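The values are calculated or read from the model by the stated rules, or taken from the named source; none is laboratory data. Because the structure is a prediction, the values reported are computed rather than measured. Note: ideal-geometry Cβ built from the backbone for every residue, glycine included; neighbour counts use all protein chains shown. Only protein heavy atoms, including side chains, enter the accessible area calculation; ligands, DNA and RNA are left aside. Shrake-Rupley method; radii C 1.70, N 1.55, O 1.52, S 1.80 Å.
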Amino acid sequence: MTHDISAGERDATRPDTPSATPAPDMTVRDLSLSYGPVAVIENLDLRLPPGRVTAIVGPNGCGKSTLLAGLSRLLKPRDGTVLLDGADIQRLPSRQLAKRLALLPQQPHAPEALTVAELVRFGRHPHQSWLRQWSPEDKRIVDAALDMTGLTPLAQRPVDALSGGQRQRAWIAMAIAQQTATLLLDEPTSALDLGHQVEVYELIQSLATAGKTIVMVIHDLASACRYADHLIAMHQGRVVAEGPPGETVTPALVKRLYGVECSLMTDPATGAPLLTNVRRTRDVLDGSAT
Amino acid sequence: MRVLTHCLSFGKPRSLIGLWLGLTGLLAAIALSSLLYGAGDIGPARAWQALQHMGTASGGEARFVLTELRMPRLWIGLVVGAALGIAGALLQAVTRNPLAEPGLLGVSAGAAFAVTLAILWGADTATLRVSVAQLGALGGCLCVLAAARLQGIGDDPIRLILAGAILSGLLHSLSSLILLYDQYTADEIRFWVVGSLAGRQLDDLVPLFPSLGIAALLTVMLARPLAALALGEHVAIGLGHHPRLVRLLVIVVVALLVGGATAAAGPIAFVGLVVPFAARALAGPDIRRTLWLCLPLGPIVVVSADIVSRLVVPPSELPLGVLTALIGAPVLIGVVRGRRLPTL
């Protein structure tokens, strides 16, 4: 046994990767999504960078949550495909897909008195079956997920007795126990205060560092700039800008997305773009004044 | 009552097995008492003697009462109690409504109505009655769930119960109407329609076994997905489950269980409410634990109620369905009046 690891191997599998298959490739081809007769997204093409945090941003009703629903097969596409490592997610058996792709809906609700450990154990469901129930390996993985989210001391506490940030960490721990290479999150910090938001975002970043591909919908552009490696800006069902936040976010984009003026600075500590002096567009102001 | 529930749920025992064994022991004691006590003049002492000499040829009146009257009653009580308890827990999990109870939602009424129709049209073999009752139960289930989909009734636990009560009332009136016109059916069914374990024979139980076996197997398979469904539809899908299929199968299981129980003992309300309520108070909200505890708790409630029904107005008997309603109504009021309905 040698300690030498070739460069190729090191790239292929990062150390401490909790996921089974590293660096999945998620690609969206010609995707059209609609709710009933209402088309929300038409002919969308995307590629989500593996092992990175991708944030989908945009104004209310731009289709970002719809896109996430399409990526996680909650919504069946009217046309086009979502490919995970080349396989159409609509054709994969749902348990197979659940081993590769975890999903955390917006503000999930745990039944009263369910403990953190019990919640995290649900993450093992796709790996278990009627014949293969609870195993020592499952226990090890659940313990590791609790440890990674810093919840080991709270494992026996009811989920609904935790703080907002701890609760969200518990749900993320469940998704970690699912051992998927990709994690989709719908507004993981909605209804959380600043401290709890940072707590959750830092956990999400550490998951990407460990090799997971993260895709999250977020409301707050500032947080997206700070915590995402890759930004997808949507407007009226289309992707209007895509790339690293530092290269993507411009005052023109912010105005197009949200109808506000702003100036941009670079955060000296993190290098992330900072929005300053955000204000309503002049003509809107004039219009409301008269 | 809320205080009691609170104490019970916070003193949640580490081992479900201990709790289960304790309840099963209690059930054994209750089952023995149900053999010893009755409305007739065979007292506990004579019954006990007859029980001890069961193996020998001697017997007489006490032995006849034991083997021909009280034993079948006990067995049917055990089966009906377990079936109704499990059905209630399943229905509550699938509607995410702690008040969903087969008797209140019109499932039992559907079964009873179907059996009344079948008897009116000349059917009376036991096998046919079971499947007819199960079909009727399925119809009742689907009716009330369809009503729940209208105008978001499903979001409000109490409105769902109201929809169920209306359906039950309608079906009961229709059944009564049929009985008014047809004396033969009326005689056949009058005691059955209020729910009772009296006058049944062990043979009545045999036709239930195939469908109860299927229901048990499906319940074992559905327990895990149902537990995941309690986390929300999207989370369950994310974990690789199929919520729609699960819900459909649960409805089928509920129909099999309630239809079977109703065919054997008539419509018995509130057991499906009280039993899962107690099970949750003892073991927390996870449906898998609830189901395990419903297995001894259901028979405990039904068999004890049956004992009481024999003893309150001797030498007559109070119908079991009347007694369970007397026990269940206060529980229902307690749950509804609770400041916060327990969410499922």
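Among A:T213, A:C225, A:L162, which residue has its Cα furthest toward the positive end of the charge dipole of segment A:17-243, with +1 on Lys/Arg Cβ and -1 on Asp/Glu Cβ?
Comparing the listed Cα positions along the dipole, A:T213 ranks first.
Order the following by accessible area, largest value first: A:V215, A:V278, A:V239. Probe radius 1.4 Å; ligands, DNA and RNA are ignored.
So the residues, ranked largest to smallest area, are A:V278, A:V239, A:V215.
Given R₀ = 56 Å, what would the calculated FRET efficiency be for A:Q236 paired with B:S15, taking r from the Cβ atoms and rounding to 0.05?
That gives a FRET efficiency of 0.45.
Considering chain A as a Gaussian network with a 10 Å cut-off on Cα pairs, which listed residue, A:P59, A:P268, A:P49, attains the greatest mean-square fluctuation?
Highest fluctuation among the options: A:P268.
Which order do B:H172, A:H109 take by accessible area at a 1.4 Å probe, largest first?
From most accessible down to least: A:H109, B:H172.
Largest first and in whole Å, give the semi-axes of the protein assembly as shown's equivalent ellipsoid, each being the square root of 5 times a Cα gyration tensor eigenvalue.
Rounded to whole Å, the semi-axes are 58, 27, 21.
Considering only A:P153, A:W171, A:W130, whose Cα is most displaced toward the positive end of the charge dipole of segment A:17-243, charges sitting on Cβ of Lys, Arg (+1) and Asp, Glu (-1)?
A:W130
Regarding segment A:157-246, what's the average projected area of the Cα-atom convex hull, expressed in nm²?
Taking the Cα atoms of segment A:157-246, their convex hull projects to 6.6 nm² on average.
Using DSSP, restrict attention to beta bridges with both residues in segment A:17-243 and report what percent are antiparallel, rounded to the nearest 5.
Roughly 55 percent of the beta bridges in segment A:17-243 run antiparallel, per DSSP.
For segment A:17-243, what is the relative contact order in percent, using Cα pairs closer than 8 Å and at least 6 residues apart in sequence?
About 33 percent, as a whole number.
Mind telling me which of A:C62, A:C262, A:C225 comes out most flexible in a GNM of chain A, alpha-carbon contacts under 10 Å?
In this elastic network of chain A, the residue with the biggest mean-square fluctuation among A:C62, A:C262, A:C225 is A:C262.
As a test of reading the structure, rank A:M234, B:M54, A:M265 by solvent-accessible area (1.4 Å probe, protein chains only), most first.
Largest to smallest exposure gives the sequence A:M265, B:M54, A:M234.
Write down the Å³ per residue value for the convex hull defined by the alpha carbon atoms of segment A:130-281.
153
Whole number please: convex hull volume per residue, Cα atoms of segment B:226-344, in Å³.
Enclosed volume per residue, from the Cα hull, is 111 Å³.
Ignoring everything except DSSP H segments at least 4 long, calculate the 222 nm mean residue ellipticity for chain A; use -39,500 (n - 2.57) per segment, divide by total residues, nearest 500.
After summing the helix terms and dividing by residue count, I get -9500 deg cm²/dmol.
What quantity of accessible surface, computed with a 1.4 Å probe and excluding non-protein components, is buried in total between chains B and A, in Å² to the nearest 100?
Answer for the B-A pair: about 2200 Å² buried.
Using helices alone, what [θ] at 222 nm do you get for chain B, with -39,500 (n - 2.57) per DSSP H run of 4 or more residues, divided over all residues and rounded to the nearest 500?
When only DSSP H runs of four or more count, the value is -24000 deg cm²/dmol.
Could you size up the charge dipole of the protein assembly as shown around its Cα centre, putting +1 on the beta carbon of Lys and Arg and -1 on that of Asp and Glu, and report it in debye to the nearest 20?
Taking the Cα centre of the protein assembly as shown as origin, the dipole is about 500 debye.
Note the angle between two axes, namely the Cα long axis of helix B:16-36 and the longest principal axis of the Cα atoms of chain B, as a number of degrees from 0 to 90, rounded to the nearest 10.
Approximately 30 degrees, to the nearest ten.
Relative to 2.2 N^0.38 Å, what does the C-alpha radius of gyration of segment A:97-192 come to as a ratio? Two decimals please.
The value comes to 1.02.
For A:K76, list the lysines whose Cα falls under 21 Å from its own Cα; do not include residues on the same chain fewer than 8 positions away.
A:K64, A:K99
Grab the eigenvalues of the alpha-carbon gyration tensor for segment A:17-243, scale each by 5, take roots, and send me the semi-axes largest first in whole angstrom.
Semi-axes from the Cα gyration tensor: 28, 21, 16 Å.
Projecting each Cα onto the charge dipole of the protein assembly as shown (Lys/Arg +1, Asp/Glu -1 at the beta carbon, about the Cα centre), which of B:I251, A:V28, B:L105 comes out farthest on the positive side?
My answer, from the dipole projection, is B:L105.
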